[in-house]
Amino acid sequence: MEPKADKLEQSRRVKRSAIVLGLVAFAFYLAFILMSVLGFRQ
Amino acid sequence: MANTTTAHTHDDHDHKPHGLKRWLYATNHKDIGTMYLVFACVMFFLGGAMALVIRAELFQPGLQFVDPSFFNSMTTMHALLMIFGAVMPAWTGLANWMVPMQIGAPDMALPRLNNFSFWLLPFAFTLLLLTLFVPGGAPAGGWTLYPPLSLQAGDSFPLTIFAIHLMGISSILGAINVVVTIMNMRAPGMGLLNMPLFCWTWLITAYLLIAVMPVLAGAVTMLLTDHFFGTSFFTAAGGGDPVMFQHIFWFFGHPEVYILILPAFGVVSEIIPTFSRKPLFGYESMVYASASIAFLSFIVWAHHMFTVGMPLAGQLFFMLSTMLIAVPTGVKVFNWCATMWKGSISFETPMLFSLAFLFLFTIGGFSGLMLAIVPADFQYHDSYFVVAHFHYVLVPGAVFAIMAGVYYWLPKWSGRMYNEKIGKLHFWLSTIGVNVLFFPQHFLGLAGMPRRIPDYSTQFADWNMVSSVGAFIFGFSQLLFVYVIWNAVRSGEKAPQRPWESAQGLDWELPTPAPYHSWETPPSRDVVAQGTVQH
């Protein structure tokens, strides 16, 4: 069985990487809309 | 191996909830995987029924059964259902079942998010299917949703856009779960380059999904604001540019093709070594080839839109970058052939489907190369040649690989063997049907028959009739697939712990059927070394 501290650390890593990936996805969403807005203004 | 077996057969490791709650509140990766696979199967038959409406209408020239507008709705809905409802959820279902078992993890890293990702789908597709009953009918402008045509849709428009947003959110959350699971929950001793190819191809697929699904969401959000809030992103009258939509859409759309096919490469890379009784040839080159294909998929999008007009430099860039994809794909095909070379091959149903994949996907790849050539594409664009090309890639490509995977892992999932004779009958009817269905469409396209039309000139009559006969053979033979699975689960022979004697991987180290909770105790380094790719 893994020690409890390892489990906690793993759960922290899981949360951290999930949030980072979610932010990356959201950034792609906003970036393409922003790019279109700027293109539209030009 | 004995240790792992006993560790996972304790009764207290196998308790599971019962009734509706088991599925509604499911957090177990196997339950969620099963729900994804069942959902994909339902969508496959619904999308297939729409395909049969299309082929029945095209059986002979003239209008037979449906009016042109409904015909266009059928082509649009068929594509949306098959891509987002059947193939993608089927891969997510396989990932849910296999990724934790193959990397030695007890479950997906984010089980509740997993439940949410799945349950978004029934709502999304209910919304999409409801469009069949609203004034103006279902969307009919093609799955690509090109403006200005898609902006002229009736009441179906907001429902379709909302449905696509829900599908996108579901895919992104599912992909985040796969990445996080693989990066954080591998058993001790399992490096990235020890992982089975299925996990590798899914990891790459998941990164693709995270990058491109938001782009589709952005594109359809802008369509929505153009339709309802007076913006002019894609409306020429307001200073917008409809071609910009095509660029954004295909920046999503081309990687999407690889999202559909990369996990197929993984499944085939598991099955061919097992039934050739040899290790996979060139494991590392397979990984790098998959990553190269994924990278190249981001820089080839405009080959879908050569005919909109673009500078010569652009045409050349997109033509040559598209052709470059043949290099890593060729590496893969070479490696699969080299794996079989001098192997002791047997031809069980999963292997038959994998071999058909190898030959028929390659045909789809070759016609893709033809379409990459700019002046040739000017001839082929929007013709049945394109329809033949992408169906060769997606049906005997992605769909056959899904079926191969289901036949391969079904004994491990259910503890029962399927009926090999009916499995082989299913394979031969599917393979004959799919070729009779799609091969003549190459001839129709080269002769000039445009896609997405309910009626055609009499010169195209013969091959359309042949194609429709193939469609009905292929379509109805899929009922056998459901029968084989049903029959195996209900009354199949008991499967041994390792139904395929050469199968390698941590999934095969588990008892059969795989216990409800597997790898609660991570496998030891010895078990990992025994069950994974070693260098």
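Tabulated data for the structure shown
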read-out: Residue in the stretch B:310-319 that is modelled with pLDDT under 95, touching a helix residue (DSSP H, G or I) at 6+ places or on another chain (Cβ under 7 Å) and not in a helix (DSSP H, G or I) present; value: yes
read-out: Where a residue in the stretch B:286-297 is within 20 Å of B:N194 (Cβ to Cβ) and its partner, wherever it lies, is among the polar types (S, T, N, Q), with Cβ under 7 Å and at least six apart; value: B:M286/B:S269; B:M286/B:N335; B:S290/B:T201
read-out: Condition met for B:F474 (within 21 Å of the chain's Cα centre (by Cα) and closer than 23 Å to B:Y392 by Cβ); value: yes
read-out: Test: residue in the stretch B:271-278 that is farther than 14 Å from A:F32 by Cα, assigned to a helix (DSSP H, G or I) and within 11 Å of chain A (Cβ to nearest Cβ); value: no
read-out: Residue check, B:M213 surrounded by 24 or more Cβ atoms within 10 Å (Cβ to Cβ), part of a helix (DSSP H, G or I) and within 14 Å of chain A (Cβ to nearest Cβ); value: yes
read-out: Segments classed as helices (runs of 4 or more DSSP H), wholly inside the stretch B:355-446, with at least 3 members that are closer than 22 Å to B:G253 by Cα; value: B:374-380, B:384-393, B:400-414
read-out: Every residue from the stretch B:171-196 that is more than 11 Å from chain A (Cβ to nearest Cβ), part of a helix (DSSP H, G or I) and surrounded by fewer than 24 Cβ atoms within 10 Å (Cβ to Cβ); value: B:L192, B:L193, B:N194
read-out: Candidate set from the stretch B:233-255 (those that are within 19 Å of the chain's Cα centre (by Cα) and within 14 Å of chain A (Cβ to nearest Cβ)); member that is surrounded by the most Cβ atoms within 10 Å (Cβ to Cβ); value: B:P255
read-out: All positions within the stretch B:318-333 that are free of Cβ contacts under 8 Å to residues at least 12 places away in the same chain and either more than 14 Å from B:S292 (Cβ to Cβ) or polar (S, T, N, Q) (or both); value: B:L320
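Yes/no matrix, rows are residues, columns are (1) more than 10 Å from every other protein chain (Cβ to nearest Cβ); (2) closer than 18 Å to B:A291 by Cβ; (3) surrounded by fewer than 18 Cβ atoms within 10 Å (Cβ to Cβ):
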position: B:A217; (1), (2), (3): no, no, no
position: B:V220; (1), (2), (3): yes, no, no
position: B:T225; (1), (2), (3): no, no, yes
position: B:G230; (1), (2), (3): yes, no, yes
position: B:Y258; (1), (2), (3): yes, yes, no
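The values are calculated or read from the model by the stated rules, or taken from the named source; none is laboratory data. Every value quoted in this text rests on a predicted model; they were computed, and no experiment measured them. Please note: Cβ atoms are built from the backbone with ideal geometry, for glycine as well, and neighbour counts cover all protein chains shown.
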